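Heads up, the thing below is written out as structure tokens.
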Amino acid sequence: MTDEEFSLAIFHSLIVEQDRADAWETWKRDSVIGGHHSDEFRIWRSNDGTERVMQSRIEVEVGPDSRPVRVRGTHLDITQLKMAQYAAQRANAFADAILTASPDDTIVTDVATGEIVYASPGTHVLGLTGAEFEKLSPEAAAALVHPDDRDRLRALRVATGALEDGQSLQERFRARHTDGRWLWLSQRATPFRRDDSRNVVEILAVVRDVMDLVQAEELLTHAARHDHLTGLPNRAFLLEILDAALERSAGDGRDVAVLFCDLDGFKRVNDTGGHSAGDAVLQETARRIRGVLRAEDTVARVGGDEFVIVIEPWNRDDADDGQARRREPESTRDFAMQVAERVIDALRRPVRIRDVDHVVTASIGLTFATLVADTGSGVVTVDSVLRRADAAMYRAKARGKNRCEVYEQAPGARGVA
């Protein structure tokens, strides 16, 4: 064995056993082929017994007869480089696993153009994959957002560009699923990449489906503003509705009509049929009153057997566009009187519960108001309007019940309860 062969054998023995056969075959192949060659393998370092990763780079010089005549090369310890590469690969794999397993979507967007430069893998909440998201143009991505929410989302992107690192902004918006449904989503955005001038050029947004949360909030809001027995607006919601109606009336001074209804004979229903019968009568009362009103009118249950009706001189749904619609041909006052008569007629019919007919009637107090100063009564408020209607209702009771009385300046004593 020559000295060169002996040195090569010693070096070969230092190679980790799992890499030894491949390294030897590579060496034999490269040594007879001219040119530059590179290979990687692991060795045991003799002085401390640690495993190192080596990179072998050789140049084989071939003679005129195509046989190798000289081999020059170096061995470079690349252990630290390999460890860094492994750490980076592991970090990337860890991040990919988190993004894939997370129920939230992660999207990176260009601040200036709105272009999606990255979307987490997997299927997103809108039914698109990450790859499909990345192919969307800024215009196509914006078209997924509900028209009423697009400006807010654009403003969020711009505002996020002014944040410091570690800060974030959150916004809810609606977006269309691939199946056509509108979903409520929540987006939290934070600066992701800055240019050399420290300006934010990309933002990272974490998006999640909050449809269940929004629906739960809507149910809670509805429960807080509606009577659980009849489903009608409760007193708190009525105050909001009436206050808004009076504000709208200030535009042209036209009247808002308020009818305060109290059931006559309701105590007798509870006494003879029990509270279950009383509940059934209240539910039927609500249904009958609702049946004689139009969609834009409001009826609320404000007490045990007390209901309040609000009638405006226009449709509330059309009021926001400034084109308040007059009721034709009757005035608000004429129409309100007709409503009172319809309610009285509807409620005097017996309510049959478990083969027993229960009869209740309605005493109604009617008043009209606007936010224009009212001579002799000062500034109109929600409370003052309800007090007027309540006073007129007690006058109806005092005058025989089952009737409607219109508020007068001095309605007198409250009368019979």
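Some observations on this one:
- Where residue 172 falls short, out of the listed (1) touching a helix residue (DSSP H, G or I) at 6+ places or on another chain (Cβ under 9 Å); (2) closer than 17 Å to residue 116 by Cα: (2)
- Of all the listed residues (130, 122, 114, 180), the sole one being closer than 22 Å to residue 214 by Cα and of a type outside the set (S, T, N, Q) is 180.
- Odd one out for residue 78, checked against (1) in contact (Cβ under 8 Å) with a residue 24 or more places away in the chain; (2) in the same structural domain as residue 204 (by TED's automatic domain parsing); (3) not charged (D, E, K, R): (2)
- Against the list (1) in a helix (DSSP H, G or I); (2) modelled with pLDDT under 95; (3) touching a Lys or Arg at 6+ places or on another chain (Cβ under 6 Å), the condition residue 333 fails is (3).
- Within the range 217-252, the set of residues being surrounded by fewer than 12 Cβ atoms within 10 Å (Cβ to Cβ) and of a type in the set (A, V, I, L, M) comprises 219, 220, 223, 224.
- Of 185, 163, 213, all but one fail to be farther than 16 Å from residue 105 by Cα and within 9 Å of the chain's Cα centre (by Cα); the exception is 213.
- Test for residue 348: is it modelled with pLDDT under 95, touching a His at 6+ places or on another chain (Cβ under 9 Å) and closer than 30 Å to residue 271 by Cβ: no
- Of the set (1) basic (Lys, Arg); (2) at pLDDT 90 or above; (3) over 35 Å from the mean Cα position of the chain (by Cα), all apply to residue 254 but (2).
- Across the range 48-56, not a single residue is classified as surrounded by 13 or more Cβ atoms within 10 Å (Cβ to Cβ), more than 15 Å from residue 15 (Cβ to Cβ) and more than 58 Å from the chain's Cα centre (by Cα).
- Test for residue 285: is it crowded, with 17+ Cβ neighbours inside 10 Å and over 35 Å from the mean Cα position of the chain (by Cα): yes
The values are calculated or read from the model by the stated rules, or taken from the named source; none is laboratory data. Keep in mind the model is a prediction, meaning the values are calculated, not measured. Here the Cβ is made from the backbone with ideal geometry for all residues, glycine too, and neighbour counts use every protein chain on show.
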